[in-house]
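Input: a single structure, listed below in structure tokens.
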Amino acid sequence: MLRTAISGLLGIEFPVIQGGMAWLGDARLVSAVSNGGGLGIIGSGNAPPQWVREQIRLTRESTNKPFGVNIMLMSPYLDDVIDVVIEEGVGIVTTGGGNPGVYLSRFKDAGIKVMPVVSSVALARRLERGGADAVVAEGMESGGHIGETATMALIPQIVDAVKIPVVAAGGIADGRGLAAALALGAAGVQMGTRFICAEESSAHPDFKRKVVQAGDRATTVTGYSTGHPVRSIENRMTRQYARMERDGAGIEELELFGGGKLYLGVIQGDVENGTLMSGQIAGLIREVKPAGMIIEEIVSEAELVISRLSRIPSGVING
Ligand code: TUI
């Protein structure tokens, strides 16, 4: 059940993809997600190319299922990371944080399936023309670097604009979300925040606790003034950053202040002074559990929701 165009394209059992989170998308989480029938994605973020190569090799030691690498287009090591991904024979790439148009042919020539993460109809159209195999359409409910449009509005507009499969991301953490995404025309979902709280995630236990304890209004967006808005859990770091933005700090000063804060928060566990990138759906997450169980539960819940909806007699809603 629940096989879609995306499970066929990627060779995975369930249409559930793990977002390529910087530092957290390491071999342990990626292999757990892929072994659970989803698609694990190594999050290259700003990491040096050696780290990415090592994670690719470690992942292969722990799974023979498909997995991918997310390439963060603002990385200072971008070209070297692309070389590593091609040299290592990775089969699937997602991109984030920019327009991957100029790199598409390099990936395609290497036989890599490419799924850029987009937050607008215009970019989805352009990348389809450039040869993208699918797009991940990411709403502004997501954690990390975000666009402007919410998932509920973005997905059907992108679905109508392109012929390639569309994966929905942003604000999805359970089977209701997966069913809703399918109803909007998506072929699957990508989840980041839900997998922060996978048992196999290397997120610091204090960061996992912050996500589990988060309510619906726990996150905030900083960085509009730099052109790179980022959603994270509100803490001393985001309040200080917002104060600096209000006081007219320049991009350089803000970038200097923000530098290294993601690792500090999510790996080292400094939940007040670090950046805790997380989506709005953190409020729905109540416990840490194994990645395989997360996937199993979301798929079986989506199947239940879909079968309930399909049995609704016309005119009776929620009956
Ligand atoms: O990329 C993400 N989310 C991210 S990247 C990231 S790395 C980071 N690390 C430290 C500080 C700041 C960032 C954290 N979260 N999501 C995919 C995504 N891509 N969302 C939005 C976009 C996007 C933005 C602009 C895609 C294309 C784009 O194109 C602009 C253009 O040139 O057309």
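The values are calculated or read from the model by the stated rules, or taken from the named source; none is laboratory data. All values derive from a computational prediction rather than experimental measurement. When we count neighbours, we look across all protein chains shown, and the Cβ atoms used for this are built from the backbone with ideal geometry, even at glycine.
Remark: Arg53 falls outside the filter, which requires a residue to be farther than 28 Å from Pro229 by Cα and out of contact with any helix residue (DSSP H, G or I) (no Cβ under 8 Å at 6 or more places or on another chain). If I filter segment 136-151 down to residues being of a type in the set (Asp, Glu) and more than 7 Å from the ligand (Cβ to nearest atom), which single residue comes out as surrounded by the most Cβ atoms within 10 Å (Cβ to Cβ)? Out of the qualifying residues, it is Glu141.
Checking each residue of segment 232-246 against the condition of being at pLDDT 95 or above, part of a strand (DSSP E or B) and not aromatic (Phe, Trp, Tyr) gives at least one match. Put simply, of Ala137, Ala132 the only residue that is in a loop (DSSP other than H, G, I, E, B), among the aliphatic types (A, V, I, L, M) and closer than 19 Å to Gly68 by Cα is Ala132. Criterion applied to Arg217, Arg176 was being over 30 Å from Gln268 (Cα atoms) and surrounded by fewer than 19 Cβ atoms within 10 Å (Cβ to Cβ), and the one residue passing it is Arg176.
For every residue, the table says whether it meets (1) closer than 16 Å to Glu138 by Cβ; (2) of a type in the set (Phe, Trp, Tyr); (3) crowded, with 20+ Cβ neighbours inside 10 Å; (4) modelled with pLDDT under 95.
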site	(1), (2), (3), (4)
Ile17	yes, no, yes, no
Gly20	yes, no, yes, no
Leu29	no, no, yes, no
Ser34	no, no, yes, no
Gly38	no, no, yes, no
Ala47	no, no, yes, no
Trp51	no, yes, no, no
Glu54	no, no, no, no
Asn70	yes, no, yes, no
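The set of residues from segment 212-223 being touching a residue at least 24 places away in the same chain (Cβ under 8 Å) and either over 22 Å from the mean Cα position of the chain (by Cα) or part of a helix (DSSP H, G or I) (or both) comprises just one member, Val212. Condition test on Gly43, is it crowded, with 18+ Cβ neighbours inside 10 Å, modelled with pLDDT of 95 or more, under 29 Å from Ala180 (Cβ atoms) and touching a Leu at 6+ places or on another chain (Cβ under 7 Å)? The answer is yes for Gly43. Here segment 224-240 is the region considered, the condition is being within 17 Å of Ile146 (Cα to Cα) and without any contact (Cβ under 8 Å) to a residue 60 or more places away in the chain, and the residue that is surrounded by the most Cβ atoms within 10 Å (Cβ to Cβ) is Ile233. Taking each residue of segment 94-118 that is part of a helix (DSSP H, G or I) and looking for partners that are more than 11 Å from the ligand (Cβ to nearest atom) with beta-carbon atoms closer than 6 Å, six or more apart or interchain, yields Gly101/Gly130; Leu104/Gly130; Leu104/Gly131; Phe107/Val93; Phe107/Val114; Lys108/Gly131.
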